[in-house]
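Remarks on the structure that follows.
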Amino acid sequence: MEPQWDFGGEIVWRPSREQAEGSRLAAFMRRHGIATFDELMRRSTEDIAWFWNAVIADLDIRFRVPYDKVVDLSRGEPWAQWCIGGRMNIVDNCLDKWTAAGAAPPQGSRAGHIAVRWEGEEGATRALSYGELNAQVSQMAAALRSLGVGKGDVVAIFMPMTVEIAVALLAIAKIGAIILPLFSGYGAEAVASRLRSSGAKAMFTADGFYRRGQRVAMKPVADQAIALAVAQPGTKDAAGACALQHQIVFHRTSADIANIPMTAGRDHWWHDLAAREYPSQLSATEDTSAEDPLMIIYTSGTTGQPKGALHTHCGFPIKAAQDLVHCLDVGPDDTVYWVTDLGWMMGPWLIFGTALIGATMVFYDGAPDYSPTSNHKETGQPGADRVWSLGAGRLWNMVERHKISVLGISPTLVRGLMGHGEEPVRRHDVSSLRVLGSTGEPWNTEPWNWFFRVVGGGRLPIINYSGGTETSGGILGGNMLLPMKPASFSGAVPGMAADVVDDQGRSLRGAVGELVIRRPWIGMTRGFWKAPERYFETYWSRFPGIWVHGDWAAIDADGLWYILGRSDDTIKVAGKRLGPAEVETILVGHPAVAEAACIGVPDPLKGQDVLCFCVLRAGHEPSDALREALRARVIEALGKPLKPREILFVNDLPKTRNAKVMRRVVRAAYLGESLGDITSLENPAAIEEIKKVRR
């Protein structure tokens, strides 16, 4: 008998009539004569061809050659193909549709509408309209073709979050090449392994970036990665040349160009390529099939072995835009900022999704709570004479100045911002916000309530959103029609036939089970790059025809959903399964605890025992008394059989740059096991913190 999850909590937000009826999801339902959300979920998951055809029409996705069939399942559900016979390059819909004469949407050209706003840690700001973005993308597409890069070639992007990252991504797609986004904090070996695996022909990088006031050199890492990649066996193409032939370097920092080594014939300055004149045919948008490869996104997953999820022109971007519309209610006049890096799924998701909608995306390149040593004046924007406050209020200052209407951050970042108190939020005008979003990890109740009350004023929904790189976006999410409890999801995203099941694949309610998806959807990965067997084994091998996502989830009596952590992270104590998030939520509920991570460690009698790591808030010190108080909280909530063996205090926990705690790494470090792939860590020094407290 598995322990029942005590969901607790009351509904704290219900949409107003104006929020619900004015939402894009409600408009979609009215258009198709659908009266209730439950009816929408039934139709969208039982008749997937109807639903995704309706989504494509609703998003005004235009095809050069219309598709004959929405979905083909003849090879089985794991290998579903979409928009059969259709031809379109997604850039047609991201840029050309908004700017080309005679091709603009019914409301007219959006060439003058701001496509992207950018802010650097040092205080610089820039903005590009759709017309300007289109021109720069066309120029860079021509530059790539002039270098011999073309359809089907893999092109990596190893850059900080600048305007140029959107230009590079869309230029690669425009010429029919395959995008390989890489985390900007990777070390050389991590970049090299992905260059080798993908067979990349070219790479975009930068001389460096700023992080907490320091210049971080990036090109030396890229150069070392290329050297490692081309020196390995299996990197030669049929002609015997090295796979990676070109590197395009953006000058991001104040470093003297003359002091940055460039390899002749291979390395090219971005600004030089952007200044050249090219024959007009080089800037044309490539004719591609809807199912042609668009992007490979590598994710380490819980095993530590990177895997490349393959996405297509009609897959990832359409799913991203649909989620932005149906979950976050994004429209053409919204300004969206999601705290992310291009190497995480949410980076390409933000670019493709907002561009398909015609909205404005915001990029920030730097630490979200960093203040330069001196204040900076904004230039080229209204109110340029105002010196803006930074530091703890940096994020809220950005909301105020850029008029951000949709803001997405991680629960861990919220916990960090909570430590600064409410005043940094209060001293800024955040009234432009109308939707809050979160992703990346399970919530704890206290930070959720803080975000809801302090930032959202108790009026704005927190659209909790969870899915993955392989799904192109959300499996579960909130929306503007359904109520919310702290830390909950309102339900499955329309079109996602999600369920929670037991060990035999039977639907489960009121208890913790595996999150699965019972029907294909347009954004599902088309397999792992060069590893189709691994893809099938990872997601489809447990229950026939059912995608097993690898998360623990539950549905409460009110129909709200919860993600409780990776099922790989499950702790099994004397046969009782325990999700780490269950214990972590209890610990961070104590006023002394800022963060917690719980793992299972071997026990000769019980199989596994619970071990907890806690990061304390400022003003609190580790003590035996605090340790016992925390242990008592867990016992009171979960019972004596699930009491932690130990509670250990550390100064930091290993996290990715999007602030996801890597329990796999915590466990390996504590047990002295191989750490596997740790290239996505933002703070590798935290591993030593774990090792220090080993007993």
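The values are calculated or read from the model by the stated rules, or taken from the named source; none is laboratory data. The structure displayed is predicted, hence computed values, not measured ones. Cβ sites come from the backbone with ideal geometry, for glycine too, and all protein chains shown count toward neighbours. Surface accessibility is based on the protein's heavy atoms, side chains included, excluding ligands, DNA and RNA. Shrake-Rupley method; radii C 1.70, N 1.55, O 1.52, S 1.80 Å.
With the condition kept exactly as written, say whether any residue in region 518-525 is among the β-branched types (Val, Ile, Thr), within 23 Å of the chain's Cα centre (by Cα) and either surrounded by 23 or more Cβ atoms within 10 Å (Cβ to Cβ) or in a helix (DSSP H, G or I) (or both). Before the answer, list the steps.
First pass over region 518-525, keeping only residues among the β-branched types (Val, Ile, Thr): 522, 525.
Checking the rest, the ones that are also within 23 Å of the chain's Cα centre (by Cα) come to 522, 525.
Keeping just the survivors that are either surrounded by 23 or more Cβ atoms within 10 Å (Cβ to Cβ) or in a helix (DSSP H, G or I) (or both) gives 522, 525.
Yes, the conditions are met somewhere in region 518-525.
Filter region 604-641 down to the residues that are among the acidic types (Asp, Glu) and either outside any helix (DSSP H, G or I) or open to solvent by less than 50 Å² (accessible area, probe 1.4 Å) (or both) and list them by number.
Of everything in region 604-641, those that are among the acidic types (Asp, Glu) and either outside any helix (DSSP H, G or I) or open to solvent by less than 50 Å² (accessible area, probe 1.4 Å) (or both) turn out to be Asp609, Glu621.
For Ser193, work out the one condition from (1) out of contact with any Leu (no Cβ under 9 Å at 6 or more places or on another chain); (2) in a helix (DSSP H, G or I); (3) surrounded by fewer than 24 Cβ atoms within 10 Å (Cβ to Cβ) it doesn't fulfil.
Only one criterion in (1) out of contact with any Leu (no Cβ under 9 Å at 6 or more places or on another chain); (2) in a helix (DSSP H, G or I); (3) surrounded by fewer than 24 Cβ atoms within 10 Å (Cβ to Cβ) is unmet by Ser193, namely (1).
Restrict the check to region 140-155 and report whether at least one residue is under 23 Å from the mean Cα position of the chain (by Cα) and buried (at least 22 other Cβ atoms within 10 Å of the Cβ).
yes
Report, by residue number, each residue of region 215-233 that is within 21 Å of Glu164 (Cα to Cα) and outside any helix (DSSP H, G or I).
Within region 215-233, Arg215, Val216, Ala217, Met218 meet the criteria.
Quick check, is Tyr562 surrounded by 23 or more Cβ atoms within 10 Å (Cβ to Cβ), among the aromatic types (Phe, Trp, Tyr) and touching a strand residue (DSSP E or B) at 6+ places or on another chain (Cβ under 7 Å)?
Answer is yes for this residue.
Looking for whichever is within 21 Å of Phe489 (Cβ to Cβ), in contact with a helix residue (DSSP H, G or I) (Cβ under 6 Å, 6 or more places away or on another chain), modelled with pLDDT under 90 and assigned to a strand (DSSP E or B) here; the options are Trp547, Trp552. Which one fits?
Every option except Trp552 fails the conditions.
May I ask you to list pairs of residues, at least six apart or on different chains, whose Cβ atoms are under 7 Å apart, with the first in region 48-62 being on the phi < 0 side of the Ramachandran plot and open to solvent by less than 10 Å² (accessible area, probe 1.4 Å) and the second being part of a helix (DSSP H, G or I) and small (Gly, Ala, Ser)?
Matching pairs, first to second residue: Phe51/Ser44.
Counting just the residues of region 444-454 that are modelled with pLDDT of 95 or more and open to solvent by less than 10 Å² (accessible area, probe 1.4 Å), which one comes out nearest to Val500 (Cα to Cα)?
Phe451
Go through region 458-488 residue by residue and tally those that are of a type in the set (Gly, Ala, Ser) and out of contact with any Leu (no Cβ under 9 Å at 6 or more places or on another chain).
5
So which residues in region 97-136 are among the hydroxyl-bearing types (Ser, Thr, Tyr) and open to solvent by less than 50 Å² (accessible area, probe 1.4 Å), if there are any at all?
Passing the criteria: Thr99, Thr125, Ser129, Tyr130.
For the structure I just gave you, tell me whether Asn93 is closer than 30 Å to Ser283 by Cβ, among the polar types (S, T, N, Q) and either exposed (fewer than 15 other Cβ atoms within 10 Å of the Cβ) or at pLDDT 95 or above (or both).
Criteria met by Asn93.
Just checking, how many residues over region 338-370 are assigned to a strand (DSSP E or B) and open to solvent by less than 10 Å² (accessible area, probe 1.4 Å)?
Counting residues in region 338-370 that are assigned to a strand (DSSP E or B) and open to solvent by less than 10 Å² (accessible area, probe 1.4 Å) gives 6.
Would you please list the contacts, defined by Cβ atoms under 7 Å and residues six or more apart or on different chains, that run from a residue in region 293-316 that is within 12 Å of Gly343 (Cα to Cα) and open to solvent by less than 20 Å² (accessible area, probe 1.4 Å) to a residue that is modelled with pLDDT under 95 and β-branched (Val, Ile, Thr)?
Pairs that qualify, where the first residue is within 12 Å of Gly343 (Cα to Cα) and open to solvent by less than 20 Å² (accessible area, probe 1.4 Å) and the partner is modelled with pLDDT under 95 and β-branched (Val, Ile, Thr), are Ile297/Thr469.
(1) assigned to a helix (DSSP H, G or I); (2) touching a strand residue (DSSP E or B) at 6+ places or on another chain (Cβ under 6 Å); (3) modelled with pLDDT under 95: which one isn't true of Asn375, the others all being true?
With (1) assigned to a helix (DSSP H, G or I); (2) touching a strand residue (DSSP E or B) at 6+ places or on another chain (Cβ under 6 Å); (3) modelled with pLDDT under 95 applied to Asn375, the lone miss is (1).
Scan region 533-559 for residues that are surrounded by fewer than 17 Cβ atoms within 10 Å (Cβ to Cβ) and within 21 Å of Asn464 (Cβ to Cβ) and report the count.
Summing the residues that are surrounded by fewer than 17 Cβ atoms within 10 Å (Cβ to Cβ) and within 21 Å of Asn464 (Cβ to Cβ) in region 533-559 gives 3.
If we scan region 164-172, do we find a residue that is among the β-branched types (Val, Ile, Thr) and within 16 Å of the chain's Cα centre (by Cα)?
For region 164-172, residues among the β-branched types (Val, Ile, Thr) and within 16 Å of the chain's Cα centre (by Cα): present.
Among the residues of region 275-326, write down those that are of a type outside the set (A, V, I, L, M, F, W, C), at pLDDT 95 or above and within 22 Å of the chain's Cα centre (by Cα).
Within region 275-326, Pro293, His311, Thr312, His313, Gly315, Pro317, Lys319, Gln322, Asp323, His326 qualify.
Quick check, is Gly513 touching a residue at least 24 places away in the same chain (Cβ under 8 Å), of a type outside the set (Lys, Arg) and open to solvent by 10 Å² or more (accessible area, probe 1.4 Å)?
no
Name the residues in region 269-289 that are part of a loop (DSSP other than H, G, I, E, B) and either in contact with a helix residue (DSSP H, G or I) (Cβ under 9 Å, 6 or more places away or on another chain) or free of Cβ contacts under 8 Å to residues at least 12 places away in the same chain (or both), would you?
Correct list: Arg276, Glu277, Tyr278, Pro279, Ala284, Thr285, Glu286, Thr288.
Which of the following residues is touching a His at 6+ places or on another chain (Cβ under 8 Å), touching a residue at least 24 places away in the same chain (Cβ under 8 Å), under 30 Å from Lys403 (Cβ atoms) and not polar (S, T, N, Q): Trp13, Trp98, Trp118?
Among Trp13, Trp98, Trp118, only Trp98 is touching a His at 6+ places or on another chain (Cβ under 8 Å), touching a residue at least 24 places away in the same chain (Cβ under 8 Å), under 30 Å from Lys403 (Cβ atoms) and not polar (S, T, N, Q).
Evaluate the following for Ala168: is it closer than 30 Å to Pro520 by Cβ and surrounded by 21 or more Cβ atoms within 10 Å (Cβ to Cβ)?
When the stated conditions are applied, Ala168 does not pass them.
With (1) in contact with a Ser or Thr (Cβ under 6 Å, 6 or more places away or on another chain); (2) over 30 Å from Leu482 (Cα atoms) as the list, and Trp552 as the residue in question, which single condition is left unmet?
(2)
Which residues, counting only those in region 416-443, are in contact with a Gly (Cβ under 8 Å, 6 or more places away or on another chain), open to solvent by 10 Å² or more (accessible area, probe 1.4 Å) and polar (S, T, N, Q)?
Thr439
Determine, yes or no, whether Ser109 is within 29 Å of Thr288 (Cα to Cα) and of a type in the set (Ser, Thr, Tyr).
Numbers: within 29 Å of Thr288 (Cα to Cα): yes; of a type in the set (Ser, Thr, Tyr): yes.
Taking the combined requirement at face value, the residue satisfies it.
Does Thr335 satisfy the criteria of being open to solvent by 10 Å² or more (accessible area, probe 1.4 Å), at pLDDT 90 or above, farther than 19 Å from Ala173 by Cβ and among the β-branched types (Val, Ile, Thr)?
For Thr335, the condition - open to solvent by 10 Å² or more (accessible area, probe 1.4 Å), at pLDDT 90 or above, farther than 19 Å from Ala173 by Cβ and among the β-branched types (Val, Ile, Thr) - is met.
Return the residues of region 565-603 that are hydrophobic (A, V, I, L, M, F, W, C), open to solvent by 10 Å² or more (accessible area, probe 1.4 Å) and either modelled with pLDDT under 90 or over 22 Å from Ala632 (Cα atoms) (or both); say none if nothing qualifies.
Kept after step one, since they are hydrophobic (A, V, I, L, M, F, W, C), are these residues of region 565-603: 571, 573-574, 578, 581, 583, 586-588, 592-594, 596-599, 601.
Now drop any that are not open to solvent by 10 Å² or more (accessible area, probe 1.4 Å), which leaves 574, 586, 594, 596.
Passing the criteria: Ala574, Ile586.
Quick one: which helices (runs of 4 or more DSSP H) lie wholly within region 22-141 and hold at least 2 residues that are within 13 Å of Cys314 (Cβ to Cβ)?
Ranges flagged: 48-58.
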